[in-house]
Amino acid sequence: MARVKLELPAQLPWSTELRVRVTDINYGGHLGNDALLGLIHEARARFMSAQGYSELDVEGLGIIIADAVLVYRSEAFFGETLRIHIGADDYNRYGCDLFYRVESADEPPREVARVKTGLVFFDYASRRPASMPEAFRARLQALESDNNGV
C-alpha cells in the first residue's frame, strides 16, 4: 500500500508549543493519532484566537473541519514539548486548508508529523456552508507576508 505524502507550503508563519500528556500516549508507548488530532485542535484554537477569532466566530461565521490528513515522521513521547507551526493555503470559495508541521522543541528540532485540515466556513443559523470572509483571507495572507524571509 502506498504511503500518503503531504507537502507543506513554504510559509507556516505562526507557532505554539504544547506538551505531550500521559493521556496522549497509546499502547505502543508513543503519541497516538487520536491524541495528535486533539493537539492540532488546541493549536488551531490558539491560532484562531491570536488572529482575533474563535472557531464559532470568524467574521460572524463558524468553521467546520471537513477532512484531516496526518503523516507521522517520527515518534513523540510523554513529557516532550512539541512546537506546532501553522499556515494556510489552497484557498477556495468556502474555505482553505490549514497546514501544520509538528516538531520537537529540542535542538535541533526533529519533525514529528505533518498535518492538513480542510476548513469550511459554516453559517450555523442557516445550517449551510458559507463563503469564506474576505477579511479572514486577507488576515492570513498578511500574516504570511509579514513573515516572508523569516
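Observations, loosely collected:
- Ordered by solvent-accessible area of protein heavy atoms (1.4 Å probe), largest first, the residues Arg128, Arg73, Arg139, Arg101 come out as Arg128, Arg73, Arg139, Arg101.
- Under Karplus coefficients 6.51, -1.76 and 1.60, residue-wise ³J(HN,Hα) of the stretch 125-134 in Hz, glycine/proline x: 5, 9, 6, 9, x, 9, 5, 5, x, 4
- Residue-level accessible surface for Ser49, protein heavy atoms, 1.4 Å, Å²: 80 Å²
- Net charge over other residues, Cβ less than 13 angstrom from the Cβ of Asp97 (K, R count +1; D, E count -1): 0
- Relative contact order, percent, the stretch 21-150 [alpha-carbon distance under 8 Å, six or more residues apart]: 23 percent
- Excluding ligands, DNA and RNA, the accessible surface per residue across the stretch 13-56 is 53 Å² with a 1.4 Å probe.
- Read-out Rg/Rh (Cα atoms, Kirkwood Rh), derived from the coordinates shown; its label in (1) 0.98; (2) 0.95; (3) 1.07: (1)
- Cα-based helix-to-principal-axis angle, 33-50 vs the chain, degrees rounded to 10: 50 degrees
- Ranking Leu8, Leu98 by solvent-accessible area of protein heavy atoms (1.4 Å probe, all protein chains present), from largest to smallest, gives Leu8, Leu98.
- Helix-only CD estimate at 222 nm, as mean residue ellipticity for the chain, using -39500 (n - 2.57) per DSSP H run (n ≥ 4): -7000 deg cm²/dmol
- Whole-angstrom Cα spans of the stretch 36-84 along principal axes, big to small: 39, 22, 13
- Annotation: amide H of Cys96 within the under-5 Å range of Leu119, sequence separation 5 or more or interchain, hydrogens built in the peptide plane.
The values are calculated or read from the model by the stated rules, or taken from the named source; none is laboratory data. Note that the coordinates shown come from a computational prediction; the quantities given were computed from them, not determined experimentally. Backbone-built Cβ (ideal geometry, glycine too); neighbour counts: all protein chains shown. Just so you know, the surface numbers come from the protein's heavy atoms only, side chains and all, with ligands and any DNA or RNA stripped out. Shrake-Rupley method; radii C 1.70, N 1.55, O 1.52, S 1.80 Å.
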